Structures are given as structure tokens and as C-alpha cells.
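Structure first, commentary second.
The values are calculated or read from the model by the stated rules, or taken from the named source; none is laboratory data. Keep in mind it's a predicted model, so treat the numbers as computed, not measured. Cβ sites come from the backbone with ideal geometry, for glycine too, and all protein chains shown count toward neighbours. In case anyone asks, the SASA skips ligands and DNA or RNA and just uses the protein heavy atoms, side chains included. Shrake-Rupley method; radii C 1.70, N 1.55, O 1.52, S 1.80 Å.
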Amino acid sequence: MGYELSIYDQLLQFPLFQGMSHADLMEVAGHTKLGFLKMHAQKKIVDGGDQCDSLYLLTDGQVTAVTKSADGAYSVVESLHAPAMLQPERLFGMNTRYTSGFTTLTDCNFIVIDKQEVVLLLETQLVFRLNMLNVMATKTWRTEQQLWRSLPATLRERVTRFLVQHTLYPAGEKTFYILMQRIADELNASRLDVSRCLNTMQAEGLLTLSRGRIVVPMLERLLM
């Protein structure tokens, strides 16, 4: 019973299981093949482009996510703290591959659920099915919202939007490995103007610049 209660508490940390009754969660714990994975720090979990055939639920620890541009010219590194799900939306759809690579930053514990087990949960657990639909619908809504927002009026607003849109989660510390010229090209601006803008933001303590790298300690501060 102690084992089941422990699993019950861990599953409730994640949006996919919230709202499920105690009886439903006990059924999930007793009849679903749950894998338990412990990984030491600095170990690769998955690479960007790998097939997504399992649902990874981070129950303890911290992981690093690396997302690269389509041409590989720049990348963004960000950290995720438990509890966190590693791109559950990539389990289904036309492209079922991870768009980011994940590596453990600290010692981590995961609950791992094979895709076929996820399908069974979708078939047998109504609340789980609704929660999965909500996760995917929210992801779609956020993407569409970005497309239909008004264009930024100033270069600073355009730089901020560029940084925010290229992250998995719009909060926390982010490291962008990108040249100023590439930002200028992306924003159809001059490199000098982009440099002035970023240096002003650095003077305000919003980010730190070095060659080919921009560190943003708290991305949410850029939106204030």
C-alpha cells in the first residue's frame, strides 16, 4: 500500500493525472506498466530528432533542454525543474520526434510510460484522455496566439519577442548561442542597432552578453 500511495502522490504532480479519483489512480498504478528510471547528472536522456516512443515524467531533479534552429546556426539552452513532462505532445501526430534534446543537470528520477501504455490509458481513463487533449489544445492555442499578435512597434520589443518565442517555457534562465548578425537578419534590422539594443538591456541587468552568447537570468523580466 505504501508503494501505491507513493505512486499516487507522484502522478498527481502532473497535469495528465490531475482530476483523477483515488480509485482511478490506484487502477493506473496497479495495471499500467510504469518504468522507474534513475539517472545521474550530465547523462543524455534523448536527443533532438529522436523518436518519441515514451512519456518521460520528471519526478525529482533538474534537466537541461537544448533546442536548435532548423539550420543548426543557433541554439537555446534552458533548464526544467521537477515536476516536468518532456514534450508529451510529440507522442502523437505527423512528426513524432523530439524537437529538443534533454540531458540531466542533476541526479534525476523519472516515471517512464511506454507509448502503448499511454494509448491504453487514453482508451480506459476519461480524465486522462481529457487532460491529454487539454495539453495539446493549449500548445496549439499558444502557437496560434503568437501568429496573430500585433507586430512589435520597437526593435526592443522585436528582440524580446524573438527571445521569448524561441524557448520551450517563457520563464527562468535561458542561454542563447547566437551571433548578433543572425538576430539582425532574423529581425530585418542592422547589426549595430541590435547591438545597441542588447547592450542597453544588459545595462539594465536583464541579460549578459558575450561573444556568440546571450544569458537571460529571468526571461519573465523581459516581459515586464
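Checked against (1) in contact with a Ser or Thr (Cβ under 8 Å, 6 or more places away or on another chain); (2) over 13 Å from Tyr169 (Cβ atoms), Gln116 passes all but a single condition, namely (1).
Let's see how each residue does on (1) in contact with a helix residue (DSSP H, G or I) (Cβ under 8 Å, 6 or more places away or on another chain); (2) open to solvent by 50 Å² or more (accessible area, probe 1.4 Å):
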residue: Leu121; (1), (2): yes, no
residue: Arg158; (1), (2): yes, yes
residue: Pro170; (1), (2): yes, yes
residue: Arg182; (1), (2): no, yes
residue: Glu186; (1), (2): yes, yes
residue: Arg191; (1), (2): yes, yes
residue: Leu198; (1), (2): yes, no
residue: Val215; (1), (2): no, no
residue: Glu220; (1), (2): no, yes
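Going through (1) at pLDDT 95 or above; (2) of a type in the set (Gly, Ala, Ser); (3) open to solvent by 40 Å² or more (accessible area, probe 1.4 Å) one by one, Ala23 falls short only on (1). Residue under question is Ala203, and the condition is that it be touching an Asp or Glu at 6+ places or on another chain (Cβ under 7 Å) and either under 16 Å from Val77 (Cβ atoms) or loosely packed, with under 13 Cβ neighbours inside 10 Å (or both); does it hold? Considered against the rule, which asks whether it is touching an Asp or Glu at 6+ places or on another chain (Cβ under 7 Å) and either under 16 Å from Val77 (Cβ atoms) or loosely packed, with under 13 Cβ neighbours inside 10 Å (or both), Ala203 comes out as no.
Among the conditions (1) touching a helix residue (DSSP H, G or I) at 6+ places or on another chain (Cβ under 6 Å); (2) modelled with pLDDT of 95 or more; (3) not basic (Lys, Arg), the only one that Ser210 does not satisfy is (1). The set of residues in region 182-224 being touching a residue at least 12 places away in the same chain (Cβ under 8 Å) and among the polar types (S, T, N, Q) consists of Ser195, Thr200. Only a single criterion out of (1) open to solvent by 50 Å² or more (accessible area, probe 1.4 Å); (2) in contact with a helix residue (DSSP H, G or I) (Cβ under 7 Å, 6 or more places away or on another chain) is not satisfied by Asp107, namely (2).
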